[in-house]
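Peer 1: This is the structure I want to talk about, given as structure tokens.
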Amino acid sequence: MLLSFPYWLYQILRHGKYRVGFWERMGNVPMRLRNPTASAIWVHAVSVGEVLAVVGLVEQMRARFPERRLLVTTTTDTGQALARKHFGEENVGYFPLDFAFAIRPYLEALQPELIVLAETEFWPNFLRLAHASGARIAVVNGRISDRSWPRYHRFRWALRRMLAHVDLFLTQSETDAERLRSMGAPPERVRVTGNLKFDVAPPSPPAIVESLRRSMAAENASPILVCGSTVEDEEPPLLKAFQNLRVQHPRAVMILAPRHPERFDDVAILVQQLGLPFSRRSRWQGEPLAGGILLLDSMGELAALYALADVAFVGGSLVPRGGHNIIEPAQYGKPIVVGNHTENFRDIVGLFQSRDAVRIVGLAELPLVLIQLLADSAERSGLGIRALETMRSQMGATSRTLAALQALLAEQQAKQTASART
């Protein structure tokens, strides 16, 4: 903590990161989360993607375990906002830093019977103290990305003891399961239940979706290219590709959604420097968009805006950042294009690729592939239909995960009953 303090201070002062909820992260349990009269199930989801993945699971757990209180924590501010929207502010807080002084107050105040960690949240102090408190611990939607795997494998001798504190690992794929076993997870505790993100229902469209649809139809603005979750060094080639696209489609529109809020202003400056007409979502009042760009400087709207796309590009993939979730545009049957850096979603992208349901391109091919897709409506339609069919074929992970968690809780209750009798 001391060595990394300058970094955290910079993030707080420059970008405002971690400022909100600082005292909660330091172990100050907010009163809204305290409820000593009900046993608790504590679900932790790091950010937006993990929150979306567990929405259906949390709702089903609430229905299946009405006598227990469901509490959700996140790490990021964007995840916090989305979690509060879905689960209610009174049930959501920030995850404590991985120090005993910050963790113990949460365990003492919440007294969780079951702790559910989404994806890969292996915090050594937290796992050790949570296990010692008597809570059962389950990892759901578990995955070990290609990018993380070499580091985990190198330090598997240190991870083995930490993973022993987890009672159940429910993974997205057999590859993830095998990697966890190789890292030292007890084999009998690891099973494949599938990816919860395939079960995520399309979000209720915010008002902006219909407003944009009407506005662009009125001015005959088309085609629509939605570029979501873009990261640094991706916007320049995407904007150049859009410039090429406008030669054949002068009334085309790009909806550009940077992944991180702190980059909104930087991307706006970049678009302005290129001389492209653009509007910021936060200031858009119905102005014409044909031939220009809508910079999505808002949070929580991208998933629904994929519904407007003629072609959807999912970012974090043109540069070595591991890619982002392609299921959101697939839900709407949209043709999807990604770069060739999709390690974080290896299994999903591999599955879609095996069914010809996604286009994977390098930087050089990007403009040509976009132009070809927009020139061929039959190819676009087929690609989108196959994406939707692929997504639907993988549904069911939520019910399998819930059944496994229910069995774990029943085992915990039986153990507590036997202990009470003795």
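The values are calculated or read from the model by the stated rules, or taken from the named source; none is laboratory data. Values in this document were obtained by computation on a predicted structure and should not be read as measured data. Note that we place each Cβ from the backbone using ideal geometry, even for glycine, and neighbour counts take in every protein chain shown. Only protein heavy atoms, including side chains, enter the accessible area calculation; ligands, DNA and RNA are left aside. Shrake-Rupley method; radii C 1.70, N 1.55, O 1.52, S 1.80 Å.
Peer 1: Among the residues of the range 101-127, what is the count of those that are surrounded by fewer than 17 Cβ atoms within 10 Å (Cβ to Cβ), free of Cβ contacts under 8 Å to residues at least 40 places away in the same chain and under 23 Å from Ser39 (Cβ atoms)?
Peer 2: Counting residues in the range 101-127 that are surrounded by fewer than 17 Cβ atoms within 10 Å (Cβ to Cβ), free of Cβ contacts under 8 Å to residues at least 40 places away in the same chain and under 23 Å from Ser39 (Cβ atoms) gives 1.
Peer 1: While we're here: What residue, of Thr78, Thr73, is over 21 Å from Gln416 (Cβ atoms), open to solvent by less than 50 Å² (accessible area, probe 1.4 Å) and assigned to a strand (DSSP E or B)?
Peer 2: On the way: Thr78 fails: assigned to a strand (DSSP E or B).
When all the criteria are applied, what remains is Thr73.
Peer 1: Out of all the residues in the range 146-189, which are in a loop (DSSP other than H, G, I, E, B), of a type in the set (A, V, I, L, M, F, W, C) and closer than 25 Å to Gly323 by Cα?
Peer 2: Phe155
Peer 1: Okay, next question. List the number of the failed condition for Ser229; all other conditions in (1) under 30 Å from Ala407 (Cα atoms); (2) touching a His at 6+ places or on another chain (Cβ under 6 Å) hold.
Peer 2: (1)
Peer 1: Among the residues that make up the range 392-406, is at least one of them assigned to a helix (DSSP H, G or I), over 30 Å from Gln248 (Cα atoms), touching a residue at least 40 places away in the same chain (Cβ under 8 Å) and more than 23 Å from the chain's Cα centre (by Cα)?
Peer 2: The answer is yes, given that some residue of the range 392-406 is assigned to a helix (DSSP H, G or I), over 30 Å from Gln248 (Cα atoms), touching a residue at least 40 places away in the same chain (Cβ under 8 Å) and more than 23 Å from the chain's Cα centre (by Cα).
Peer 1: Then there is this: Restricting attention to the range 232-275, which residues are of a type in the set (A, V, I, L, M) and part of a strand (DSSP E or B)? It would help to see each step written out before you state the result.
Peer 2: Within the range 232-275, the first condition is being of a type in the set (A, V, I, L, M), and the residues that meet it are 238-239, 241, 245, 247, 252-257, 267-271, 274.
Selection gives Val253, Met254, Ile255, Leu256, Ala257.
Peer 1: Hey, another quick one. Within the range 312-336, how many residues are out of contact with any helix residue (DSSP H, G or I) (no Cβ under 6 Å at 6 or more places or on another chain) and among the hydrophobic types (A, V, I, L, M, F, W, C)?
Peer 2: The total comes to 5.
Peer 1: Right, another one. Do we find that Glu50 is in contact (Cβ under 8 Å) with a residue 24 or more places away in the chain, within 21 Å of Asp199 (Cα to Cα) and of a type in the set (D, E, K, R) in this structure?
Peer 2: On the way: in contact (Cβ under 8 Å) with a residue 24 or more places away in the chain: yes; within 21 Å of Asp199 (Cα to Cα): yes; of a type in the set (D, E, K, R): yes.
It is true that Glu50 is in contact (Cβ under 8 Å) with a residue 24 or more places away in the chain, within 21 Å of Asp199 (Cα to Cα) and of a type in the set (D, E, K, R).
Peer 1: If Asp356 satisfies every condition in (1) modelled with pLDDT of 95 or more; (2) under 21 Å from the mean Cα position of the chain (by Cα) but one, which is the exception?
Peer 2: (2)
Peer 1: Take the range 338-361 and flag every residue that is surrounded by fewer than 21 Cβ atoms within 10 Å (Cβ to Cβ) and of a type in the set (D, E, K, R).
Peer 2: Glu343, Asp347, Arg355, Asp356
Peer 1: Related question: If you check Val92 against the conditions, is it under 20 Å from the mean Cα position of the chain (by Cα), under 21 Å from Leu408 (Cβ atoms) and aliphatic (A, V, I, L, M)? Give the steps one after another, and end with the answer.
Peer 2: Numbers: under 20 Å from the mean Cα position of the chain (by Cα): yes; under 21 Å from Leu408 (Cβ atoms): no; aliphatic (A, V, I, L, M): yes.
Criteria not met by Val92.
Peer 1: With Arg64, Arg19, Arg84, Arg32 as the choices, which residue is more than 19 Å from Asn325 (Cβ to Cβ), out of contact with any helix residue (DSSP H, G or I) (no Cβ under 8 Å at 6 or more places or on another chain) and open to solvent by 40 Å² or more (accessible area, probe 1.4 Å)? Can you show your working first?
Peer 2: Working: Arg64 fails: out of contact with any helix residue (DSSP H, G or I) (no Cβ under 8 Å at 6 or more places or on another chain); Arg19 fails: out of contact with any helix residue (DSSP H, G or I) (no Cβ under 8 Å at 6 or more places or on another chain); Arg32 fails: out of contact with any helix residue (DSSP H, G or I) (no Cβ under 8 Å at 6 or more places or on another chain).
Testing whether each residue is more than 19 Å from Asn325 (Cβ to Cβ), out of contact with any helix residue (DSSP H, G or I) (no Cβ under 8 Å at 6 or more places or on another chain) and open to solvent by 40 Å² or more (accessible area, probe 1.4 Å) leaves just Arg84.
Residue-wise test of (1) among the polar types (S, T, N, Q); (2) assigned to a helix (DSSP H, G or I).
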| residue | (1), (2) |
| --- | --- |
| Gln285 | yes, no |
| Leu294 | no, no |
| Gly300 | no, no |
| Leu305 | no, yes |
| Lys334 | no, no |
| Phe352 | no, yes |
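Peer 1: Residue under question is Glu178, and the condition is that it be among the charged types (D, E, K, R) and touching a residue at least 40 places away in the same chain (Cβ under 8 Å); does it hold? First the steps, then the outcome.
Peer 2: Working: among the charged types (D, E, K, R): yes; touching a residue at least 40 places away in the same chain (Cβ under 8 Å): no.
The answer is no for Glu178.
Peer 1: Restricting attention to the range 183-231, and to residues there that are under 18 Å from the mean Cα position of the chain (by Cα) and charged (D, E, K, R), which single residue is most open to solvent (accessible area, probe 1.4 Å)?
Peer 2: Asp199
Peer 1: Looking for whichever is among the hydrophobic types (A, V, I, L, M, F, W, C) and either at pLDDT below 95 or open to solvent by 60 Å² or more (accessible area, probe 1.4 Å) (or both) here; the options are Leu409, Leu383. Which one fits? Please lay out each step first, then the result.
Peer 2: Working: Leu383 fails: either at pLDDT below 95 or open to solvent by 60 Å² or more (accessible area, probe 1.4 Å) (or both).
Only one candidate qualifies: Leu409.
Peer 1: For Ala364, only one of the following conditions fails: (1) surrounded by fewer than 14 Cβ atoms within 10 Å (Cβ to Cβ); (2) at pLDDT 95 or above; (3) hydrophobic (A, V, I, L, M, F, W, C). What is its number?
Peer 2: (2) is the only condition that Ala364 fails.
Peer 1: Follow-up. Identify the residue in the range 380-391 that is within 14 Å of Arg359 (Cβ to Cβ) and charged (D, E, K, R) and, among all such residues, is farthest from the chain's Cα centre (by Cα).
Peer 2: The qualifying residue farthest from the chain's Cα centre (by Cα) is Arg380.
Peer 1: Any idea which of (1) touching a helix residue (DSSP H, G or I) at 6+ places or on another chain (Cβ under 9 Å); (2) part of a helix (DSSP H, G or I); (3) surrounded by fewer than 18 Cβ atoms within 10 Å (Cβ to Cβ) is the one Leu370 doesn't satisfy?
Peer 2: Going through the list (1) touching a helix residue (DSSP H, G or I) at 6+ places or on another chain (Cβ under 9 Å); (2) part of a helix (DSSP H, G or I); (3) surrounded by fewer than 18 Cβ atoms within 10 Å (Cβ to Cβ), Leu370 breaks only (3).
Peer 1: A further question follows. Looking only at the range 237-296, count every residue that is open to solvent by 50 Å² or more (accessible area, probe 1.4 Å), touching a residue at least 40 places away in the same chain (Cβ under 8 Å) and more than 23 Å from Val319 (Cα to Cα) and tell me the total.
Peer 2: Residues in the range 237-296 being open to solvent by 50 Å² or more (accessible area, probe 1.4 Å), touching a residue at least 40 places away in the same chain (Cβ under 8 Å) and more than 23 Å from Val319 (Cα to Cα): 6 in total.
Peer 1: Continuing with the same structure: With the checklist (1) among the small types (Gly, Ala, Ser); (2) crowded, with 21+ Cβ neighbours inside 10 Å; (3) part of a loop (DSSP other than H, G, I, E, B) in hand, flag the one item Ala312 doesn't pass.
Peer 2: (3)
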